[in-house]
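The values are calculated or read from the model by the stated rules, or taken from the named source; none is laboratory data. The structure displayed is predicted, hence computed values, not measured ones. Neighbour counts are summed over all protein chains in view; Cβ atoms, including those assigned to glycine, are modelled from backbone coordinates with ideal geometry.
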Amino acid sequence: AQSVTQPDIHITVSEGASLELRCNYSYGATPYLFWYVQSPGQGLQLLLKYFSGDTLVQGIKGFEAEFKRSQSSFNLRKPSVHWSDAAEYFCAVGARRLSNFGNEKLTFGTGTRLTIIP
Amino acid sequence: NAGVTQTPKFQVLKTGQSMTLQCAQDMNHEYMSWYRQDPGMGLRLIHYSVGAGITDQGEVPNGYNVSRSTTEDFPLRLLSAAPSQTSVYFCASSYSSEGGTQYFGPGTRLLVL
């Protein structure tokens, strides 16, 4: 079974500073990998996803993530954060299946809460 | 498109009561799922469906029932509410193709006293 670890429960960065959120996964083959963002009181919104090919993935809102197979990681980065980036961020892994159905079962990490200070 | 909608937004139940959380999507997605979100535990899959008439259990199915009679709707039933079911519940949907992106509803906050 797959699993996801987000080792940082809470991160605080200054507005304009760079950001890296860590995500490590456990899965027997190449997984599908996702980053979602959740603003307070809201549902989850997809930031970016990795399926195959280029290991550096670009997403919305200026975010990017890099898949590193050797480290089983999929860290999320942003060169300069904005106050509106304050939210909770979830990494998720989806299993590749043998049937026609894809990543129906997502396994989520426990999330990283991002606080931005002026 | 309204996307994924959930009702109610907030509900208070007494222990032992039953209720149904509603979820609907207008994107013609085959795959739908229910998650619960608890502090420090991320999202955990309760039940999912890969099409009308087909459902399966997720990670934490006990105490919950689902059915899928139409493509659009995927209600979650709490049979006999317990305080341990106090949580925020999210419904999600996606295409059933390989690697489909899941779209989430706004959530239902449930408090069981």
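When residue A:37 is evaluated against the numbered criteria (1) out of contact with any Phe, Trp or Tyr (no Cβ under 8 Å at 6 or more places or on another chain); (2) β-branched (Val, Ile, Thr); (3) in contact (Cβ under 8 Å) with a residue 40 or more places away in the chain, which criterion, by number, is the only one it fails?
(1)
Picking from A:1, A:17, which residue would you name as being of a type outside the set (S, T, N, Q), in contact (Cβ under 8 Å) with a residue 60 or more places away in the chain and more than 15 Å from residue A:78 (Cα to Cα)? Can you show your working first?
Working: A:17 fails: more than 15 Å from residue A:78 (Cα to Cα).
Only one candidate qualifies: A:1.
Of all residues in segment B:48-63, which are within 11 Å of chain A (Cβ to nearest Cβ) and part of a strand (DSSP E or B)? Talk me through it step by step, then tell me what you get.
In the first step, residues of segment B:48-63 are kept if they are within 11 Å of chain A (Cβ to nearest Cβ); the result is B:48-51, B:54, B:56-59.
Passing the criteria: B:48, B:49, B:50, B:51, B:54, B:56, B:57.
Output the residues belonging to segment A:1-26 that are closer than 16 Å to residue A:109 by Cβ and out of contact with any strand residue (DSSP E or B) (no Cβ under 6 Å at 6 or more places or on another chain). Show your work before the answer.
Initially, segment A:1-26 is screened for residues closer than 16 Å to residue A:109 by Cβ, giving A:1-11, A:20-26.
Result: A:1, A:7, A:9.
Taking segment B:66-95 only, how many residues are surrounded by 21 or more Cβ atoms within 10 Å (Cβ to Cβ) and assigned to a loop (DSSP other than H, G, I, E, B)?
2
Can you find even one residue in segment B:7-30 that is within 15 Å of the chain's Cα centre (by Cα), of a type in the set (A, V, I, L, M), modelled with pLDDT under 95 and not in a loop (DSSP other than H, G, I, E, B)?
no
Find the residue count for segment B:7-33, including only residues that are within 12 Å of chain A (Cβ to nearest Cβ), of a type outside the set (Asp, Glu) and surrounded by 12 or more Cβ atoms within 10 Å (Cβ to Cβ). Write out each step before concluding.
Residues of segment B:7-33 within 12 Å of chain A (Cβ to nearest Cβ): B:9-10, B:23, B:29-33.
Pick out the ones that are also of a type outside the set (Asp, Glu) and you get B:9-10, B:23, B:29, B:31-33.
Next cut, surrounded by 12 or more Cβ atoms within 10 Å (Cβ to Cβ) only: B:23, B:29, B:31-33.
Of the residues in segment B:7-33, 5 are within 12 Å of chain A (Cβ to nearest Cβ), of a type outside the set (Asp, Glu) and surrounded by 12 or more Cβ atoms within 10 Å (Cβ to Cβ).
State yes or no: is residue B:44 of a type in the set (Lys, Arg), more than 9 Å from every other protein chain (Cβ to nearest Cβ) and surrounded by 14 or more Cβ atoms within 10 Å (Cβ to Cβ)?
Values: of a type in the set (Lys, Arg): yes; more than 9 Å from every other protein chain (Cβ to nearest Cβ): no; surrounded by 14 or more Cβ atoms within 10 Å (Cβ to Cβ): yes.
Criteria not met by residue B:44.
Looking at residue A:37 and the list (1) of a type outside the set (Lys, Arg); (2) more than 17 Å from residue A:115 (Cβ to Cβ); (3) surrounded by 20 or more Cβ atoms within 10 Å (Cβ to Cβ), which single condition is not satisfied?
Unmet condition: (2).
Of the residues A:25, A:36, A:50, which is facing another protein chain (nearest Cβ under 10 Å) and over 24 Å from residue B:6 (Cβ atoms)? Outline the logic, then answer.
Numbers: A:25 fails: facing another protein chain (nearest Cβ under 10 Å); A:36 fails: over 24 Å from residue B:6 (Cβ atoms).
When all the criteria are applied, what remains is A:50.
Search segment B:58-81 for residues being more than 26 Å from residue B:26 (Cβ to Cβ) and not hydrophobic (A, V, I, L, M, F, W, C), and hand back the single one that is modelled with the lowest pLDDT.
Of the residues in segment B:58-81, the ones more than 26 Å from residue B:26 (Cβ to Cβ) are B:59-63, B:79-81.
Subsequent filtering for residues that are not hydrophobic (A, V, I, L, M, F, W, C) retains B:59, B:61-63, B:80.
Numbers: B:59: 88, B:61: 95, B:62: 95, B:63: 96, B:80: 96.
The qualifying residue modelled with the lowest pLDDT is B:59.
Taking segment A:41-71 on its own, how many of its residues are within 14 Å of the chain's Cα centre (by Cα) and closer than 17 Å to residue A:112 by Cβ? First the steps, then the outcome.
Step one: list which residues in segment A:41-71 are within 14 Å of the chain's Cα centre (by Cα), which gives A:44-51, A:55-68.
From what is left, the residues that are closer than 17 Å to residue A:112 by Cβ are A:44-48, A:59, A:61, A:63-66.
Final tally of qualifying residues: 11.
Taking segment A:16-57 as the region of interest, how many residues are within 18 Å of residue A:88 (Cβ to Cβ) and part of a loop (DSSP other than H, G, I, E, B)?
Number satisfying all stated conditions: 7.
Just one of the numbered conditions (1) more than 26 Å from residue A:15 (Cα to Cα); (2) at pLDDT below 85; (3) out of contact with any helix residue (DSSP H, G or I) (no Cβ under 8 Å at 6 or more places or on another chain) is not true of residue A:41; which one?
Condition (1) is where residue A:41 drops out.
Being in a strand (DSSP E or B) and crowded, with 20+ Cβ neighbours inside 10 Å is the filter here, so list the residues in segment A:58-86 that pass it.
Hits for segment A:58-86 are A:65, A:67, A:74, A:76, A:78.
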